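The values are calculated or read from the model by the stated rules, or taken from the named source; none is laboratory data. Nothing here was measured: the structure is a model prediction, and the numbers come from that model. When we count neighbours, we look across all protein chains shown, and the Cβ atoms used for this are built from the backbone with ideal geometry, even at glycine.
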Amino acid sequence: MKTAKFKILEYSAISACFLALHESAQGQAVYTDIDPDVILDSEGESTVVDMNNDGISDFAFLNRSFDFYTEYSSYISHLEAIDAGPQSPNNEIAALTHVISPSYGGFTVYFPFALNESEMINDSLIFHNNSFQRMAYLYIDKSGFYFPKGGFWYPEVLDHYIGVRFIDTADCQHYGWIRCDVKDEGRTLVIKDYAYETKCDVGILAGDTIGDTTTVDIVGSGQGQLAAEVYSFENTIYVKLNELMNDVEIHVCDLTGKEVYSSVLTTQSAQIKLNEAKGVYFVEIVSGENKMGKKVFVN
């Protein structure tokens with residue numbers, strides 16, 4: 001397992017694209033980059049994630065493998081799994097449940113979702129507190145005839161997100177995401193970064209490093225007025241300045257802070273067609289010391 005260095009970036013101040021939001025909006029997403037990535041590629045390796053850096057572990061991950069007997073079989077079975085689990089009774093992971101062998105009394109297995117970027121993580125998802133939730137697994141019945149395997153992360157899923165929620169010491173419930181890879185037929189876990197929404201009981205989009213802006217005015221910083229109409233339709237972003245201004249720059253970033261478009265606006269309006277994947281993007285308009293920003297959805 002590689003030792004990781006955690007870089008915590010409050011208010012998503014990770015690129016010039018987020019300056020307007022950083023300067024005018026208070027208390028949204030807190031993003032943590034893990035550098036280098038944490039890699040669990042051997043049996044018994046584990047790690048923890050402290051979502052809000054308060055010194056309390058919130059979620060744990062384990063690469064495990066062991067033999068066991070079942071009540072209804074005389075054969076030895078073998079399990080290989082990548083597991084995730086909350087470290088507090090108040091913390092939960094978004095997951096689906098399944099009852100194994102109900103005719104023999106059954107037991108419930110929990111499968112964390114592999115969420116796509118921009119999927120909403122809020123109370124519309126089903127969350128569970130079970131300590132061992134199987135991202136990817138392989139059962140081997142050593143009699144040689146039974147080989148179940150699966151999980152939403154099996155056999156290889158790259159750059160997807162675990163949805164989580166946790167309660168801090170002030171009894172505020174936060175929603176967040178943890179970005180992971182599962183490789184090597186479900187035997188290697190890579191944890192890359194994570195973020196959470198600082199507002200209580202407010203959801204966050206998977207991959208979002210900006211956070212909620214629905215209750216925050218994000219139009220404006222600087223000495224003068226910079227106002228514009230910004231909206232999207234399908235894969236095009238429309239920008240219209242309230243008045244013609246000189247030296248106006250437009251920057252468009254995705255939720256990770258990567259700039260996907262940059263240009264100087266020479267007219268009062270612009271149409272920006274994006275060939276990027278659909279999702280949420282942040283548009284920043286800059287003129288001298290004046291800035292404004294807005295989040296839009298491109299489909």
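Among the residues of the range 162-182, count how many are of a type in the set (Ser, Thr, Tyr) and modelled with pLDDT under 95.
1
If the requirement is being under 30 Å from Gly55 (Cβ atoms) and assigned by TED's automatic domain parsing to the domain that holds Val38, which of these qualifies: Gly150, Gly163, Gly186?
Gly163
Taking the range 151-186 only, how many residues are without any contact (Cβ under 8 Å) to a residue 40 or more places away in the chain and not in a strand (DSSP E or B)?
Looking only at that region, the number is 6.
Go through (1) modelled with pLDDT of 95 or more; (2) under 20 Å from the mean Cα position of the chain (by Cα) one by one and return the number of the condition Asn63 breaks.
Answer for Asn63: the failing condition is (2).
Could you check, for the range 72-95, whether at least one of its residues is touching a strand residue (DSSP E or B) at 6+ places or on another chain (Cβ under 6 Å), at pLDDT below 95 and of a type in the set (Val, Ile, Thr)?
yes
List the pairs whose first member sits in the range 97-123 and is on the phi > 0 side of the Ramachandran plot, whose second member is modelled with pLDDT of 90 or more and in a strand (DSSP E or B), and whose Cβ atoms are under 6 Å apart, counting only residues at least 6 apart or on separate chains?
Pairs that qualify, where the first residue is on the phi > 0 side of the Ramachandran plot and the partner is modelled with pLDDT of 90 or more and in a strand (DSSP E or B), are Ser118/Leu205.
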